[in-house]
Amino acid sequence: MNELLARVIGANGGLDRWNSYSKVEATIVSGGGLFRMKGVPQDPTPRRMTIWLHEERSSVFPFGAPDQRTMFTPEKIAIEKLDGKMVAERQAPRDSFAGHQMGTPWDALHRAYFNGYAMWTYLTTPFLLAMDGVRIEESEPWQEGEETWRVLRAYFPRSIETHNSVQDFFFGEDLMLRRHDYSVNVAGGFPAAQLTSEYIVANGIHLPTKRRAYTRGSDRQPIPELLMVSIDISEVQFE
């Protein structure tokens, strides 16, 4: 394992502890300009997110109605009733984004898919960087004010659904994630810089509870006026 990644994972709770859990549940409140742009504005209702840690699978409740939830896997996105009755589903959901640009409208299944893979990525970071098939290298450090952040570049295999195949993860001197850069391929590939803060420890695992994703400028700086996605996380429980 990459030396920096090993230190990061150790500082965030350790691989043995992580492997002892099967899933995590958290309350999320999300918003931002991307959803309005896509015609699916996000209301401030708290939702309960469930993430499976060792397979790419996630669910959020409620979704679209008080008795509905989503079920995401890379092969299928579904909206279903709590008793399992299917409301809507889409096989090979990534294909439905072909040709999409930033302003292309989304339907409910598009939004559910985006939410599913994005939250799975965020709530498994940094441990997903140690998953089979993910290639890691350390790139040039980033100077943020008086701080120097070390940067891990991750190359994701096609088997993992995420924003795009090459992403950068910035870690502070305390080895906590400070920033996450990627391109949002399901929305025309616009570049994003997500800032992370307000860390908590849940069942021995460290994670940020505040995430703010901005459009990233040509100078690699986030553009404060272009807040695309905001996520606030609370009531985290690993099982």
For the stretch 113-140, name all the residues that are over 30 Å from GLU89 (Cβ atoms) and in a helix (DSSP H, G or I). LEU129, ALA130
Out of ARG153, ARG212, ARG216, report the one residue that is crowded, with 17+ Cβ neighbours inside 10 Å and in contact with an Asp or Glu (Cβ under 8 Å, 6 or more places away or on another chain). ARG216
Anything in the stretch 197-232 that is free of Cβ contacts under 8 Å to residues at least 12 places away in the same chain and among the polar types (S, T, N, Q)? List them, or say none. SER218
Residue check: is PHE190 crowded, with 18+ Cβ neighbours inside 10 Å and either more than 25 Å from GLN101 (Cβ to Cβ) or in contact with a strand residue (DSSP E or B) (Cβ under 7 Å, 6 or more places away or on another chain) (or both)? no
When you check PRO62 against the structure, is it under 27 Å from ASN185 (Cα atoms) and modelled with pLDDT of 95 or more, yes or no? yes
Of (1) over 23 Å from ILE233 (Cα atoms); (2) touching a residue at least 40 places away in the same chain (Cβ under 8 Å); (3) not in a loop (DSSP other than H, G, I, E, B), PRO105 satisfies every one except (3)
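The values are calculated or read from the model by the stated rules, or taken from the named source; none is laboratory data. All figures in this text were calculated on a predicted structure; none of them were measured in a lab. When we count neighbours, we look across all protein chains shown, and the Cβ atoms used for this are built from the backbone with ideal geometry, even at glycine.
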